[in-house]
Amino acid sequence: MKKADPVPPARPDPAPVAEAELRASDADRERVAELLRDAYAEGRLTVEEHSERIEAAYGAKTFGELVPLTRDLPGHARISMEKAPGGTPQASAEARPPARTESPSMVAVFGGASRKGRWRVGSHLRAVAVFGGVDIDLSDAVFESPEVVIEVVAIFGGVDIKVPENVSLHGGGVGIFGGFDVKEQTSADPYAPVVVVKGAAIFGGCEARPRRGKKLREWVRKQLDG
């Protein structure tokens, strides 16, 4: 009688991956960056510390790299790797969505165009309003350049620009049977971005002003320092 083949020993289950070694998602990195921005706005981090930690947060690949970045901050500002319902890390569940990438041009012809919320603003933005209106709100935008130049053309239309109260705002334009008003200010932070508004308003208007109570907390320090 043929002998039965021996049963091979069962292979041990692979060891579970430690939570610190779990791969971090974009949402996880955004969550930590948000906590760091809050700490900077509260004066808990210096400009240099904020810059270094933000850069480290966006370059982190695992939770273990993210956790030390907020470890010395108050308890409410620490990232947790505890699982939320459904097995999702708490950091991911509470994270804000990534900032939007938008066109550098805004055009309103016999209509309106508006841009607000968390969006990425580069070094140049063009706004054209012809028998229409353009509303640009930089209060929650992510600045990717140390200087943002906004070129405005308003013909029988209007352009309204709002900036955070802690950035520098400069510029001016030509008003022909219209108005071009830039409420200039210089930020106390020498590293803060600068918004420059220029252009012309013909039978129309342009107004650029700080939005009181809204402070910039988010900008790409690596590019600014470069």
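The values are calculated or read from the model by the stated rules, or taken from the named source; none is laboratory data. Just so it is clear, the model here is predicted, and its values are computed rather than measured. With ideal geometry, Cβ positions are generated from the backbone for all residues, glycine too; neighbour counts draw on all protein chains shown. These area figures cover heavy atoms from the full protein model, side chains too; ligands, DNA and RNA do not enter into them. Shrake-Rupley method; radii C 1.70, N 1.55, O 1.52, S 1.80 Å.
Here is a check on your reading of the model: is Ala188 within 29 Å of Ala39 (Cβ to Cβ), open to solvent by less than 30 Å² (accessible area, probe 1.4 Å) and outside any strand (DSSP E or B)? Judged against the criteria, Ala188 is not a match. Taken as a whole, the structure places Val163 among residues that are in a strand (DSSP E or B) and crowded, with 20+ Cβ neighbours inside 10 Å.
Total residues in segment 133-157 satisfying the condition of being closer than 16 Å to Val194 by Cα and β-branched (Val, Ile, Thr): the figure is 5.
Among the residues examined, Leu138 qualifies as buried (at least 20 other Cβ atoms within 10 Å of the Cβ), within 16 Å of the chain's Cα centre (by Cα) and either at pLDDT 95 or above or not β-branched (Val, Ile, Thr) (or both). Restricting Ala91, Ala77, Ala15 to those that are modelled with pLDDT under 75 and more than 29 Å from Lys116 (Cα to Cα) reduces the list to Ala15.
For every residue, the table says whether it meets (1) more than 30 Å from Pro190 (Cα to Cα); (2) modelled with pLDDT of 80 or more; (3) of a type outside the set (A, V, I, L, M, F, W, C); (4) outside any loop (DSSP other than H, G, I, E, B).
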{"site": "Arg11", "(1), (2), (3), (4)": "yes, no, yes, no"}
{"site": "Ala20", "(1), (2), (3), (4)": "yes, no, no, yes"}
{"site": "Val32", "(1), (2), (3), (4)": "no, yes, no, yes"}
{"site": "Gly43", "(1), (2), (3), (4)": "no, no, yes, no"}
{"site": "Ala57", "(1), (2), (3), (4)": "no, yes, no, yes"}
{"site": "Gly64", "(1), (2), (3), (4)": "yes, yes, yes, yes"}
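I need a count of the residues in segment 197-211 that are open to solvent by less than 30 Å² (accessible area, probe 1.4 Å) and either under 12 Å from Glu147 (Cβ atoms) or not in a strand (DSSP E or B) (or both). Total satisfying the criteria: 2.
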